[in-house]
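Working notes, beginning with the structure itself.
The values are calculated or read from the model by the stated rules, or taken from the named source; none is laboratory data. All values reported here derive from a predicted model rather than from experimental measurement. Positions of Cβ are backbone-derived with ideal geometry, glycine not excepted, and every protein chain shown enters the neighbour counts. Calculation scope for accessible area: heavy atoms of the full protein, side chains included, ligands and nucleic acids excluded. Shrake-Rupley method; radii C 1.70, N 1.55, O 1.52, S 1.80 Å.
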Amino acid sequence: MRILFLCVANSARSQMAEGLARRLLPTCEVLSAGSRPSRVNPYAIEAMRELGIDIGRQRSKSVSEIDPAGLELVVTLCAEEVCPVLPGRVRRLHWPIDDPATDDPQVGAEEQRARFRVAREAIRARLVALAAELTPR
């Protein structure tokens, strides 16, 4: 199965989903992208490293770089933002997860880490459920 995770910046939620899905769905081809790609957020890298998953070599990609041919599932992770759209007939899931990244100078490093852990765990819980659904019985 070929799965694409989408959010706006392709820097946090979709990157963590890509890393987690590679671990939890090892037989799937997993991709991520965004409508306004930036860079993989260092807090996302750190949050995933806590689970022994290295996403430090992943890069933010534009949805325009993704070939929709062969995609079987598209998962959007936007909460308040407008999620990117990928045309075509494909199964779609929407997991509205708040963006853990913030430019607010009032949010310190420890709070940032906590926000990324919350997002990571929300994504992981949904992926565990998806893995159970995709596993033949």
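For Arg92, the residues whose amide H sits under 5 Å from its own are Val74, ignoring neighbours fewer than 5 places away on the same chain, with H placed 1.01 Å from N. Size descriptors for the range 1-72 (Cα atoms only): Rg and Dmax, in that order, 11.5, 34 Å. Computed from backbone phi, the HN-Hα couplings of the range 125-132 come to 4, 5, 5, 4, 5, 5, 4, 5 Hz, rounded to whole numbers (Karplus: 6.51 cos²θ - 1.76 cosθ + 1.60, θ = phi - 60°; Gly and Pro given as x). With the convex hull constructed from alpha-carbon coordinates only, the chain shows a mean projected area of 8.1 nm² over all directions. Peptides 117-123, 71-77, 104-110, ordered by how many other C-beta atoms sit within 10 Å of their residues on average, highest first, read 71-77, 117-123, 104-110. Over all pairs of different C-alpha atoms in the range 72-135, the reciprocal of the mean inverse distance, the Kirkwood hydrodynamic radius, equals 13.6 Å.
Carbon and sulfur together cover what percent of the accessible area of the chain at a 1.4 Å probe radius?
C and S fraction of accessible area: 52 percent.
Under a 1.4 Å probe, what is the accessible area of the chain per residue, stated in Å²?
Per residue, the chain has an accessible area of 53 Å².
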